[in-house]
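Scroll down for the structure; my scribbles are underneath it.
The values are calculated or read from the model by the stated rules, or taken from the named source; none is laboratory data. Source: prediction; values computed, not measured. Methodologically, a virtual Cβ is constructed for each residue, glycine included, from the backbone with ideal geometry; neighbour enumeration extends over all protein chains shown.
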Amino acid sequence: MLGRLNHVAIAVPDLAAASATYRDTLGAKVGEPQALPEHGVTVVFIDVGNTKIELLEPLGEGSPIVAFLAKSPSGGMHHVCYEVDDILAARDHLKATGARVLGDGNPKIGAHGKPVLFLHPKDFQGTLVELEQV
Ligand code: CO
C-alpha cells in the first residue's frame, strides 16, 4: 500500500524567514508560497532531490498548526507524507485495521492538486501521517 515518501512537513512561524534559511543558508531550490485556505496553511515546497520539504505557516483563524506552534514556537516537524496509488482503498484498509482517519474521512485536495488524507498520530508512533494519491 505504502509508496514513496512524498514530503516531510515542517511548521514554521515565519514562512519568508524559513524560506530564506533554506534558500540562502542551505542553498536549496525553494518554490513560491501557495495559500491553501481549505487546509488553513500557506505552503512552500523545497525540492531536495529524493523528496520534498513542505514549510507550513498558519493561514486564517482555526489553522490546524496554530496549536502546534504554540507548543513549538520556533517550529518543528509536523507530518510525513507517503504516496499511495488508491487513497480510498488505503483509507478503507486503514479503517478496517482500526486506524483513525482525521476529519470527515473523505480526501481533500492537497497542495499538489491531488487527494490527501491525514491519519491520527496516536496510531502511528506519535507522527501525523498524510497520504497522497499519485
Ligand atoms: Co503535507
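Points to keep in mind about this one:
- Residue match in the range 35-56 (condition: at positive phi and crowded, with 19+ Cβ neighbours inside 10 Å): no
- Within the range 8-19, the residues that satisfy the criterion of being aliphatic (A, V, I, L, M) and either outside any strand (DSSP E or B) or surrounded by fewer than 15 Cβ atoms within 10 Å (Cβ to Cβ) (or both) are 12, 15, 16, 17, 18.
- Residues (farther than 14 Å from residue 123 by Cβ and loosely packed, with under 15 Cβ neighbours inside 10 Å) located in the range 84-102: 85, 86, 88, 89, 92
- Matching residues, the range 78-129, being within 15 Å of the ligand (Cβ to nearest atom) and among the small types (Gly, Ala, Ser): 103, 110, 111, 113
- Restricting 69, 88, 117, 131 to those that are at pLDDT 95 or above, over 13 Å from the mean Cα position of the chain (by Cα), of a type in the set (A, V, I, L, M) and under 22 Å from residue 40 (Cβ atoms) reduces the list to 69.
- For the range 35-77, a residue qualifies if it is of a type in the set (A, V, I, L, M), free of Cβ contacts under 8 Å to residues at least 60 places away in the same chain, within 13 Å of the ligand (Cβ to nearest atom) and within 20 Å of residue 103 (Cα to Cα), and the qualifying residues are 41, 56, 65.
- Listed by position, the strands (runs of 3 or more DSSP E) contained in the range 20-134 that have at least 2 residues being touching a helix residue (DSSP H, G or I) at 6+ places or on another chain (Cβ under 6 Å), farther than 24 Å from residue 3 by Cα and not hydrophobic (A, V, I, L, M, F, W, C) are 52-58.
- Residues that are modelled with pLDDT of 95 or more, under 18 Å from residue 116 (Cβ atoms) and away from the ligand (no atom under 12 Å from the Cβ) do not occur anywhere in the range 10-29.
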